[in-house]
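Enquirer: Submitted below is the structure of interest, expressed as structure tokens.
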């Protein structure tokens, strides 16, 4: 009797890892060449990138892992949605909704909630993300509005909503800066060690990944989500699955994870709400999820890689005078390479579909 | 010296990835004749004709039109040389009129009255009635096929290729179509009919070429060849005998449908008034020309589609084998055991116990003789026949009270077909009610204990008699 069930197949994990490493190497090489062509000191820039991400304990814990945390949460959100066949491009807006509601809880309700403030902020932050995604889910089922469009639009609405909050009801008491007052201590995620920027949200993110993996793998609901995403017709006809309901659930859960990302970022890192609380985590999340092959466990690795790249980019700008945006080029390259490499990965039909891969040879003659 | 063949394909080879669709296929169509290209599903017939029509390039081999070697880079190139094709799945624009569809693809100005006159002229010459002003999508399927033929001829086809032309027609309409094609050939044209039906090849054609697994096995005149010889050429030495049927032992009524109505996905009313009674221990055959509403009726009986009107009683445990297994029955990127778990997934709660599912997969795979992959491999790795056996294993493995089966052997070879038929009879003998639809009337007739025929959305019970069924499929009494 086979016993490798319920665990990822060793070969597929190895192939995935090899592809990821190969692709990352190729992208860094491309970065090096691009920097050389631009007449910059490429070697020094890459050294700074290394220093700023994994070169020291400080860089690792206070920069890279902190950056990776929201990328893992939102990466999981996007991976879950894509696995269900839902093109949720709105993790950014859902993140902002989560952060905004967590700010409301932390700033207004802390006196009443006491020690329950932080858990409430996180829970309601997740709920806000689900609600924000729920708008797109409802538009999709009720009016057939493509979620690709609606979620992007909702990102802007969320952004301007936060802009209103931090200039209106949530603005700090002096009414000078467009941001909220700092959160009280009871609304803050504690640091993992005193004086460290790294907070317990990182641990939560890393633990969420296997939980989501298990849900997709071992529960009936996860199975329905995967079936609906891979072949909605067969899910309906052979599985008698209510695919509309199933994808809706996945959409809401995806929104909740993105909302949690916002709540964690607010309560663990920024401690105040402002418009630029996310430098586009919800968009980078799409790249993270794709690089991970839509596998929740892979999202942790991809999130760490992108967290490292972004942390290193800041160091690169500081120490080697290379604009941090070149890292965006690397990230984009990574995703393109991964999609191009999708055909060599097992269980990557979804990725191939995203990449617009060649259809199967026609059946029959 | 005799005239060169109108169309000749010599030693054509073509592969798709790792699949060799054509290995060494040759076909020579004499001018003024009807030629049948005969073969099992999957033998390479359509691939060969797509090459002749410029839709696919051959990997090796020569194409000659009227004796001259040609390189066909597109259907337009083939049409320019007088080769036209009517596909099994039609290619007109449903929202346009017949005349507009025929004019489509032409050049220069579109003149409405010229287009109509052209259509009428072509239709009259070939003896096919079409209404140039009718919206193509509103036409019954037989008229749509006439449109497709007229379309090809209006573009100057002198050699006309038809892919399974009678699959969508009731038998009497098929006779009519054959007469029109015969007339076209007698006026100097040539016709190639792709078919997997031996009887049709013998009745309709002057010459016949048999393909098997991508090779030309036989070619000759239908006047001198016997049905036995053709059958052997088609299927090799494997001889198919329909499963021996003992008289059925009908049990309780398990499916009862009264005055059902239903619309298709686009909202068109497909089933108007269907009443069905199915008992355990019998196979209820369903016949009907394509689009008569059987697709929706079967889905209602299987509990997959809610009737918009009428009363329906079906058992809790019911299996369904849809005709398009790649779209509706299997998730090809799932493993075999995951595909097995699909049954009942809509109602499952909590955790799925995968080890038990795998064990059960081993079990039913052995029972239904599914070969070629382990339960851990993807369903895409299985051959078509084994995929279908897996679907059957899933739907029949837990001895359901009833099973609804739609075109269960489409695209399968003889051995797989025989296995599927045996399983259906076994399910009947075990007491299940089996409702079987096949577009191949012979298949239904060889298995059914009772028959109903669907015509324009209504059902009628008909005796097990080929002619009576054929008439009922056309709505005649």
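Enquirer: Residue by residue through B:368-379, how many Cβ atoms from other chains fall within 10 Å of the Cβ on average?
Expert: Details: counts 0, 0, 0, 0, 0, 0, 1, 2, 4, 0, 3, 1.
Rounded to a whole number, the mean comes out at 1.
Enquirer: Here is a follow-up. Suppose only helical runs count, i.e. DSSP H with n ≥ 4. What mean residue ellipticity at 222 nm does that imply for chain A under -39500 (n - 2.57) per run, divided by all residues and rounded to the nearest 500 deg cm²/dmol?
Expert: Values: 15 runs with 246 residues, N = 365.
Computed ellipticity for chain A at 222 nm equals -22500 deg cm²/dmol.
Enquirer: Same structure again: Mind running the shape call on the protein assembly as shown? Use the C-alpha gyration tensor, a ≥ b ≥ c as the square roots of the eigenvalues: rounded below 1.5 for a/c, prolate if a/b tops b/c, oblate otherwise.
Expert: Numbers: a/c = 2.25, a/b = 1.81, b/c = 1.24.
The shape class here is prolate.
Enquirer: If a/c stays under 1.5 just call it rounded; otherwise compare a/b with b/c (prolate if a/b is bigger, oblate if not). Do that for region B:256-361, with a ≥ b ≥ c from the square roots of the Cα gyration tensor eigenvalues. Don't skip to the end; give the middle numbers.
Expert: Numbers: a/c = 2.16, a/b = 1.85, b/c = 1.16.
The shape class here is prolate.
Enquirer: Taking square-rooted eigenvalues a ≥ b ≥ c of the alpha carbon gyration tensor, is region B:7-235 rounded, prolate or oblate, where a/c under 1.5 means rounded and, failing that, a/b exceeding b/c means prolate? Don't jump to the answer; show the numbers that get you there.
Expert: Working: a/c = 1.87, a/b = 1.45, b/c = 1.29.
In terms of gyration-tensor shape, prolate.
Enquirer: Now, a different point. Once the Cα atoms of helix B:354-367 and of chain B are each reduced to a long axis, what angle between those two axes, in degrees from 0 to 90 to the nearest 10, is obtained?
Expert: 60 degrees
Enquirer: Additional query: Residue B:112 versus residue A:50, label points 7 Å from Cα toward the beta carbon: distance in nm?
Expert: Output for this residue pair reads 7.6 nm.
Enquirer: Which percentage, to the nearest 5, of the DSSP beta bridges contained in the protein assembly as shown is antiparallel? Before the final figure, lay out each step's value.
Expert: Working: 43 of 81 bridges.
Counting only bridges with both partners in the protein assembly as shown, antiparallel ones make up about 55 percent.
Enquirer: Quick check: residue separation of residue B:77 and residue B:59 times 0.36 nm, minus the Cα distance between them. What number comes out in nm?
Expert: Numbers: separation 18, 0.36 × 18 = 6.48 nm, distance 1.82 nm.
Working it through step by step, the gained length comes to 4.7 nm.
Enquirer: Would you mind telling me the antiparallel percentage of the DSSP bridges in region B:253-473, rounded to 5?
Expert: On the way: 17 of 35 bridges.
Rounded to the nearest five, the antiparallel share is 50 percent.
Enquirer: Next question. Once you average over the residues of B:332-342, how many Cβ atoms of partner chains fall within 10 Å of each Cβ? Each step should come with its number before you reach the end.
Expert: Details: counts 5, 10, 8, 3, 0, 2, 4, 4, 0, 4, 11.
Partner Cβ neighbours, averaged per residue: 5.
Enquirer: If you average over every viewing direction, what projected area does the convex hull of the Cα atoms of region B:268-427 give, in nm²?
Expert: Working: hull surface 40.5 nm².
Computing the convex hull of the Cα atoms and averaging its projections yields 10.1 nm².
Enquirer: I've got another one for you. So how do B:45, B:306 line up by other beta-carbon neighbours within 10 Å, fewest first? All intermediate terms of the calculation are to be shown ahead of the outcome.
Expert: On the way: B:45 30, B:306 9.
The most exposed by this proxy come first: B:306, B:45.
Enquirer: Another one. When chain A is modelled as a GNM with alpha-carbon springs shorter than 10 Å, which of A:291, A:31, A:304 fluctuates the most?
Expert: A:31
Enquirer: Let me ask something else about it. When you look at the Cβ of every residue in A:215-227, what mean number of other chain Cβ atoms sits within 10 Å?
Expert: Numbers: counts 0, 0, 2, 5, 5, 10, 6, 2, 9, 4, 0, 5, 8.
Per residue, the average neighbour count from other chains is 4.
Enquirer: Okay, moving on. Mean-square fluctuation check for chain A, GNM, Cα pairs under 10 Å: which of A:332, A:158, A:102 is largest?
Expert: In the Gaussian network model the winner is A:332.
Enquirer: Here's a follow-up. Could you tell me how many degrees, from 0 to 90 and to the nearest 10, lie between the Cα long axis of helix B:384-396 and the main elongation axis, the longest principal axis, of the Cα atoms of chain B?
Expert: Roughly 30 degrees between the two axes.
Enquirer: Using only Cα atoms and rounding to the nearest 10 degrees, what angle (0 to 90) does helix B:141-154 make with the longest principal axis of chain B?
Expert: Long axis of B:141-154 versus the principal axis of chain B: about 30 degrees.
Enquirer: Another one. What is the distance in Å between the Cα centroid of region A:260-316 and that of region B:9-82?
Expert: Spelled out, the Cα-based centre of one part sits 55 Å from the other.
Enquirer: Further, regarding this structure: Can you grab the distance from the C-alpha centre of region A:101-133 to the C-alpha centre of region A:157-214, Å, no decimals?
Expert: Result: 10 Å between the Cα centres.
Enquirer: I've got another one for you. Pick from A:47, A:130, A:313: which residue has the top mean-square fluctuation in a GNM of chain A where Cα pairs under 10 Å get a spring?
Expert: A:47
Enquirer: If one computes the Cα centroid of region B:356-396 and of region B:159-229, what distance in Å separates the two points?
Expert: 37 Å
We did not get these values from a lab; they are worked out from the coordinates using the rules stated. Since we're looking at a predicted model, the values are computed, not measured. Note: ideal-geometry Cβ built from the backbone for every residue, glycine included; neighbour counts use all protein chains shown.
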